[in-house]
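What follows is calculated from the coordinates using simple rules that are stated; it is not laboratory data. This is a predicted model, so every value here is computed, not measured. For neighbour counting, all protein chains shown are included, and Cβ atoms are generated from backbone atoms with ideal geometry for every residue, glycine included.
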Amino acid sequence: MYPKQSTRRALLAIGLAAAAAAPLAVQAQAQYDGSAAKPLRVILVPADGGTEDGTKKDFQPIFSAIGQSTGLNFDIKVGQSYGTVIEAMCSGAADIAWFGPASYLPARARGCAELLALAVSKGQSVYYSGVFARKDAGINTLADLKGKKIALGDVNSTSSFNVPVAMMMAGGVNPARDAGTINMAGSHANVLKALAEGLVDAGGASFDSFEKAVNAKAIDPSKVKVVVKSAPIPYPPIAIHPKVSPAIKAKLRDAFNNVDKLPGISKDQIRGYGGGKVDGYTAKVSEQDMAAAGKMFELVTDQVKSDIMKKASAR
């Protein structure tokens, strides 16, 4: 234990450091103007495995076309976790981020993100989460998950953690208390891999990621069933830091609204969540709709998350 006086000094030092860092973050944000010397820094959540390759490949054509149209330059990176993407935006280390709704909302609450664009597919900007199970695991309802081996994704992921856990909680299953074991797999792809290899009985993932795994022959759909499908979830948003200049924001919103018409990109290259093909993007987005989506996982409190992580670490 630290003496009280030392603790006070430590807390004061942390507070002073944070206060000193805040104007530096704002200044750093203003310096990145999309020029070749100071490209806009884009960071993407690791939706399919946490590596640069797949996720970056999905979004590179979009930003290349927008860059060609607007003259803006981009430096695209993939975060190693959802949490690092939040911190990159909130520390001033990134200007644009691709989030999930569950990771966007805390960044928005901290004043370091606002909606920029959502993908559009068949006239809608929604996707779905689900709980999937092996057909040989004897799982037909959420109640059947009790005592089973369950895989979940990143704790900040909307559709591989927050929504699946919320659906379990609403169905009377508390994973930390009722699951046999919990595997925190880190990503949708890893959840589905664990399911395909028989390492777990059930797992939470998005339907987009499930479809991608099926198309890649990473999972056999004849051996897996859908236990429950979520209500529609707003598509994972592309967000921008509020400190980015209004002129740049206006350019980007116009470009995203017309990305399907821009030169230098084919319709096949317009991708969204999980690498799925989408029709385009819209910058006509609603903060109210995104906030309403947060109600889907209100049951997933910090205590629930902590208990699940503790259960996973004990296996």
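Gain in length, L199 to S306, computed as 0.36 nm per residue apart minus the alpha-carbon separation, to one decimal in nm?
Working: separation 107, 0.36 × 107 = 38.52 nm, distance 2.29 nm.
Roughly 36.2 nm would be gained on extension.
Straight-line reach from K135: which lysines fall under 19 Å, measuring Cα to Cα and dropping same-chain residues less than 8 apart? Cross-link targets: K146, K148, K149, K193, K217, K223, K225, K229.
Hydrodynamic analysis of the range 256-312 uses the Kirkwood radius over alpha carbon pairs. Inserted into Stokes-Einstein at 25 °C and 0.890 mPa s, it gives a translational diffusion coefficient of 167 µm²/s.
Using a simple charge model, +1 on the beta-carbon of Lys and Arg, -1 on the beta-carbon of Asp and Glu, nothing else, what dipole does the chain show about its Cα centre, in debye to the nearest 20?
On the way: 37 positive and 27 negative charges, 98 e Å.
Here the size comes out at about 480 debye.
Taking the radius of gyration and the Kirkwood hydrodynamic radius from Cα positions alone, what is the Rg/Rh ratio for the range 108-263, to two decimal places?
On the way: Rg = 18.2 Å, Rh = 17.0 Å.
Dividing the radius of gyration by the Kirkwood radius yields 1.07.
For the range 167-255, the Stokes-Einstein estimate of translational diffusion at 25 °C and a viscosity of 0.890 mPa s comes to 153 µm²/s, using the Kirkwood hydrodynamic radius over alpha-carbon pairs.
Taking a quarter of the surface of the Cα convex hull of the range 68-146, what do you get in nm²?
Working: hull surface 37.0 nm².
For the range 68-146, the mean projected area of the Cα convex hull comes to 9.3 nm².
Multiplying the residue separation of K225 and Q288 by 0.36 nm and removing their Cα-Cα distance gives an extension gain of 19.3 nm.
Kirkwood-type hydrodynamic radius, the chain: 20.4 Å, calculated from all non-identical alpha-carbon pairs.
Farthest toward the positive end of the dipole of the chain, out of A151, P263, I248, is the Cα of A151, where the dipole comes from beta carbon charges about the Cα centre.
Just add up the charged neighbours of D75: K/R +1, D/E -1, any other residue whose Cβ is under 12 Å from the Cβ of D75. Kindly include the intermediate steps, with their values, before the conclusion.
Numbers: positive: K38, R41, K56, K77; negative: D95.
Residues close to D75 contribute a combined charge of +3.
Amide hydrogen proximity for V78: with H placed 1.01 Å from N in the peptide plane, the residues at 5 or more positions away or on another chain lying under 5 Å are L44.
Seen from every direction in turn and averaged, the convex hull around the alpha carbons of the range 109-185 projects onto 7.3 nm². Taking the Kirkwood radius as Rh and the Cα radius of gyration as Rg, the range 203-251 has a ratio of Rg/Rh equal to 1.24.
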